[in-house]
Amino acid sequence: NPANAFFYLITMLHGLHLLGGLVAWSRTTTDLWDGVDPAEVSLRVDLCAIYWHFLLVVWLAFFYLIVST
């Protein structure tokens, strides 16, 4: 059924996006706990924030498209 395949595709993409963000976030958090200078990690924190906010906008737009059609 195409509807089921589409559901699994969207679920898989959502999981991959979450996994990618969690990997970057965990690496940044681990470095901070290991005592790395926060100034050196600040770029990664900014990039993680941009990543999560971008994904929020992408998924909200995607869900709007699904609901509006």
- request: Tell me, yes or no, whether region 40-51 has at least one residue that is under 9 Å from the mean Cα position of the chain (by Cα) and free of Cβ contacts under 8 Å to residues at least 24 places away in the same chain.
  value: no
task: Those residues that are open to solvent by 100 Å² or more (accessible area, probe 1.4 Å) and among the β-branched types (Val, Ile, Thr), I need them from region 40-68; list them, please.
output: Ile50, Val67
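Yes/no matrix, rows are residues, columns are (1) part of a helix (DSSP H, G or I); (2) at pLDDT 90 or above:
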| position | (1), (2) |
| --- | --- |
| Phe6 | yes, no |
| Val23 | yes, yes |
| Thr29 | yes, no |
| Gly35 | no, no |
| Leu43 | yes, no |
| Trp52 | yes, no |
field: Tabulated pairs, region 53-69, first over 13 Å from Leu18 (Cβ atoms), second surrounded by 10 or more Cβ atoms within 10 Å (Cβ to Cβ) and at pLDDT 85 or above, C-beta under 9 angstrom, 6+ apart or interchain
entry: Phe62/Ile10; Ile66/Ile10
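The values are calculated or read from the model by the stated rules, or taken from the named source; none is laboratory data. Only a predicted model underlies this, so the values are computations on that prediction, with no experimental measurement involved. Every residue, glycine as well, gets a Cβ built from its backbone with ideal geometry; the counts of neighbours run over all protein chains shown. Accessible surface areas use protein heavy atoms only, side chains included; no ligands, DNA or RNA. Shrake-Rupley method; radii C 1.70, N 1.55, O 1.52, S 1.80 Å.
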